[in-house]
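Each remark here refers to the structure printed beneath this line.
The values are calculated or read from the model by the stated rules, or taken from the named source; none is laboratory data. None of the values given here were measured: they were computed from a predicted structure. Using ideal geometry, Cβ is built from the backbone for each residue, glycine included, and neighbour counts are taken over all protein chains shown.
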Amino acid sequence: MVGLVEKQASTAGDISVAEPMSEEDVCDARWRSEWEEGECPKGEAATTEAPVAEPASETSTEASPSNTAAAASEAPSPETASPETASPSTAAAIAAAAQGLAAPGGGGQANGANRNSAAPSLSGAVRLRAKRSLHDDGALPVLRPRKTLGKHAVTADPEVDLPGMSPTIWLHRALPDPTPPSKRLTASFARDLRFASSRHRVDWALMLGVLRARGERGSEPARRAGLDRLARNLVRLGARGDQWNALLALEGRTAFADRALALTRYHRAVGLRALVRGLESAKPRLAKKLLADLRVSMYSGGRQDVESGKTDVRVIVLIQYLAEAHGQVTVSSLTSGHGVYSRPGVVSAHTYGQAVDIAALEGKSITGNQAPGGLTEMAVRNLLLLPAELRPNQLISLLGLGGPSFPMGNHDDHIHAGF
C-alpha cells in the first residue's frame, strides 16, 4: 500500500507540472479511468486548474501543490482514517512527495501559486502522458508479450536435395482392378487359345506371351488360324524344351525373347481364368494358390495378411511371378511386422497392403548378392519386364536400374516392391 500511495503521489506531482488541460481532456481522462462520464459537461469553458484525484482516498482535493501539501499535513486520526491513510509512514511519504514538487529555488507554496502562469507551454506528447498517468495503477500487464521461438533445423530430404533425384508424393488409395474389361481376354479367344495349345502341345502362356510381346493389346490378339500357325512355328523351333532359345529364333532379338518369356511367366502365375474375369475377382483363388505354393516361404504374420485380404492382388501376383521366375521366394514383410512410416512423414505402402519385402531368391539371401550382374539385378530386371498394370512403382534395393528402380542404403538385405 505504501508503494502504491507513493507512486500515485508522484503521479499527481507530474500532472501538476503539466500545462492545464481543457475540460474536454480532463473529462476524457476521467472517463478512461472509469469515472462517471455524466459528471463532465461538454462545451463549457475550461478551468485554469485540472482536478486531480487524491490517491486511494474517499475525498477529492484541488491538484495545486499548496492544497496537496496541506492535505498531506492534515492526516486523519486513527479512528476516522481509511486503511489507506491510517499508517503514519504513509502520511509522511505523501507529505515528502508533495514538498518535493516545489521549485529548486525554494519557496514551495509561493512558487506553486504562480506555477500555472509561469510554466512554459508543454507539447502534446507530454499532455498525452499526463492523461495516461491518471489510470496507471502500476500493476503488471495482464497480457505478457509472446516470445518468438527460433526456427528448428530441418533435416534434408534425399529425394529433394540430392542432385539427380526428384521428389515423389505418394498418394495411397484403394487401387482399381489392374485388368479392366479392355485388358481382359474374351471367353471365345480363351477357348481357341486352349484348343490350339492342347492340339500342338505348346504352353498356352507362351503363345499368349508372344502375341503380347509383338504388341497385340486387344481382347482377341489373334484368330484361330493365327493361333494354329504360331503354335506350329514354336514347336518347330523347339519351344517344348528351351523356351527362351525358341523365342530368340522366332524374332532374332534378345529383348523380345526376354519380354515374351517374362509375360509367359506372368500368364502362368495368374492363370487363364483370371485373365478373362479380371485379377480382382480372382483374388481369393490367387491367395489360396499362393499360400499352398511350396516354393514360397512366408512368415506367419504375412500368411494372415494374405488370408484376411489385406494384401493387394498386385502383391500376390508379384510373389507368384517371382516364384515362377526364380523357383523359390522368401517373403520377409507384408503389412504385419512393418512400421507405419517408411521415413518421417511418409506412410509406408506396407501399411495399405501394397508392398512386399523379398529377403531371399533361389534359396540365396539378398544380403551379399547385390553386386552388378548378380541375383538381385536379375530379379529387379524381371520385375521391370512385367506389364505396365503390374509393374511396381517402388522398386528399391542397392541398385538403380532406371524407371521405378532406385537405390537406398538401408535396403542391403531385401528388395522392396511397392505400388
Out of Q243, Q328, Q320, report the one residue that is free of Cβ contacts under 8 Å to residues at least 40 places away in the same chain and either surrounded by 15 or more Cβ atoms within 10 Å (Cβ to Cβ) or in contact with an Asp or Glu (Cβ under 9 Å, 6 or more places away or on another chain) (or both).
-> Q328
Take region 269-307 and flag every residue that is in a helix (DSSP H, G or I) and within 16 Å of S333 (Cβ to Cβ).
-> L290, S300, G301, G302, R303, Q304, D305, V306
The one condition in (1) of a type outside the set (V, I, T); (2) in contact with a strand residue (DSSP E or B) (Cβ under 8 Å, 6 or more places away or on another chain); (3) closer than 20 Å to P180 by Cα that L290 fails to fulfil | (3)
When you look at V270, is it assigned by TED's automatic domain parsing to the domain that holds R391, under 30 Å from H338 (Cβ atoms) and among the β-branched types (V, I, T), yes or no?
-> no
From R277, R285, residue being touching a residue at least 60 places away in the same chain (Cβ under 8 Å), surrounded by fewer than 21 Cβ atoms within 10 Å (Cβ to Cβ) and on the phi < 0 side of the Ramachandran plot = R277
Residues V296, V329, V306, V313: which one is touching a strand residue (DSSP E or B) at 6+ places or on another chain (Cβ under 8 Å), more than 18 Å from S365 (Cα to Cα) and not basic (K, R)?
-> V306
Scanning region 343-388 residue by residue, those assigned to a loop (DSSP other than H, G, I, E, B) and exposed (fewer than 14 other Cβ atoms within 10 Å of the Cβ) turn out to be P344, G345, G363, T367, G368, A371, P372, G373, A388
Determine whether V296 is surrounded by 14 or more Cβ atoms within 10 Å (Cβ to Cβ), at pLDDT 95 or above and assigned by TED's automatic domain parsing to the domain that holds V356.
-> yes
